[in-house]
1. Among the residues of region 15-56, count how many are in a loop (DSSP other than H, G, I, E, B) and either near the ligand (Cβ under 7 Å from one of its atoms) or closer than 11 Å to F95 by Cβ (or both).
2. Enumerate the strands (runs of 3 or more DSSP E) found wholly within region 143-229, keeping only those where 2 or more residues are aliphatic (A, V, I, L, M).
3. Six or more apart or on different chains, Cβ atoms under 6 Å: show the pairs whose first residue is in region 80-98 and of a type outside the set (A, V, I, L, M) and whose second is in a helix (DSSP H, G or I) and crowded, with 20+ Cβ neighbours inside 10 Å.
4. Could you list all residues from region 276-308 that are over 29 Å from N5 (Cβ atoms), open to solvent by less than 90 Å² (accessible area, probe 1.4 Å) and aliphatic (A, V, I, L, M)?
5. Can you tell me how many residues in region 31-67 are without any contact (Cβ under 8 Å) to a residue 24 or more places away in the chain and open to solvent by less than 10 Å² (accessible area, probe 1.4 Å)?
6. With R262, R311 as the choices, which residue is in contact (Cβ under 8 Å) with a residue 40 or more places away in the chain, surrounded by 13 or more Cβ atoms within 10 Å (Cβ to Cβ) and either of a type in the set (K, R) or at positive phi (or both)?
7. Is at least one residue of region 211-228 within 15 Å of the ligand (Cβ to nearest atom) and either aliphatic (A, V, I, L, M) or closer than 30 Å to N130 by Cα (or both)?
Amino acid sequence: MIYSNEDFNKKTILITGGAGFIGSNLAFYFQNNYPNAKIVVFDIFRSETLFSNGNLKSFGHYKNLIDFKGDIICGDLNNEADLSRLFNYKFDYIFHQAAISDTRVDDQKNIMQTNVNSFYDILEIAKKDNSAIIYASSAATYGNSPSPQTIGKESPNNAYGFSKYMMDQIAYDFSKKNQKMTIVGLRFFNVYGPREYYKEKTSSMVIQLGHQILDGKKPRLFKGSNKIMRDFINIEDVIQAKIKACKPKKNGTYNIGTGTPRSFLDITDILQIELNTNLNIEYFANPYKNYQMHTQANISSAIENLDFNPRISLEQGIKSYIPEIKLLHGKSFA
Ligand SMILES: NC(=O)c1ccc[n+]([C@@H]2O[C@H](COP(=O)([O-])OP(=O)(O)OC[C@H]3O[C@@H](n4cnc5c(N)ncnc54)[C@H](O)[C@@H]3O)[C@@H](O)[C@H]2O)c1
């Protein structure tokens, strides 16, 4: 589906984090719909280095980009020489997704350098090229703020959420000083869908529970999961938001969710219907202290200023995702 009248053919488009979940889906949106667009992916890809929580430092994976025909630059946002390779282009659009996306990393220095410092550099590239810049913020900026989460009522409670909140403030200042530029931040809520598998333990519970069920194991949920609510949004609706953000009525930061919270138990029930199983659920104590218990995006400003219109219910999104969940079941992460 095409989400705007804008013709992206002959445009030069930078996608940072393009080997990751959201970035690679965006790369294929442009490749499939605008064969004459010049698409440049900048990503550090994965190496074998881990954070102290045991997760990889970066999740970019070549398998997300099989059949991609654009340019790839393997580079680190924190490395000036890598970033300088981007000076060989003149970008019409920059979609900045590259980040430490793992919300449970404690290495504050690394998060702030990667997510925040580099953002100044990316904004300068956008200014030099006069490109529209659409960057990824996050619902983690809200921490445990009460629902519905609304722009202006942030309260991050981890370093990741803080880094994204800082990016929003940097963008706001930059936008005030450069009023002719298009600068839009999108605060994604819980995104799920194809090409997230290589985020391993940080992928959505949709695919993780799907694989537990396909293993024939009881799906494992925190106690009280019928009351732990999240605003789950399908990757297709996230792509819609990104495309519509290229022509906003005004610059700003916008919530991107469905506006409808659903529980982790709902996910399990829908998966069991789609996979034709009837497994008992195994409940266990939630080990996390700082845990978002209820998220629900207030999307009124995104509807008004981006013409954002989330279309995909959790039932529809999971149903269409089942073939990929089955295909990847038991596959190695390598
Ligand atoms: N998926 C979600 O539910 C969600 C929710 C809120 C916000 N976000 C944000 O959206 C963006 C994309 O998220 P995603 O789910 O696709 O995550 P992802 O981890 O799959 O993608 C991030 C990409 O950034 C790359 N990267 C990491 N460090 C880098 C560095 N130093 N230099 C260059 N590249 C680097 C990784 O290799 C990876 O490909 C991120 O900024 C994330 O914080 C995602």
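The values are calculated or read from the model by the stated rules, or taken from the named source; none is laboratory data. Every value quoted in this text rests on a predicted model; they were computed, and no experiment measured them. Cβ placement follows ideal geometry from the backbone for every residue including glycine, while neighbour counts extend to all protein chains displayed. Protein only, heavy atoms only, side chains kept; ligands, DNA and RNA dropped before computing areas. Shrake-Rupley method; radii C 1.70, N 1.55, O 1.52, S 1.80 Å.
1. Number satisfying all stated conditions: 7.
2. Of the strands (runs of 3 or more DSSP E) lying wholly inside region 143-229, those with at least 2 residues that are aliphatic (A, V, I, L, M) span 183-188.
3. F95/L26; H96/I122; Q97/I22; Q97/G23
4. L279, I281, A285
5. Number of matching residues: 0.
6. So the residue among R262, R311 that is in contact (Cβ under 8 Å) with a residue 40 or more places away in the chain, surrounded by 13 or more Cβ atoms within 10 Å (Cβ to Cβ) and either of a type in the set (K, R) or at positive phi (or both) is R262.
7. no
Here is a yes/no grid of residues against (1) open to solvent by 40 Å² or more (accessible area, probe 1.4 Å); (2) near the ligand (Cβ under 10 Å from one of its atoms):
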position	(1), (2)
T103	yes, yes
K127	yes, no
A136	no, yes
N144	yes, no
K164	no, yes
Y172	yes, no
F189	no, yes
P194	yes, no
K199	yes, yes
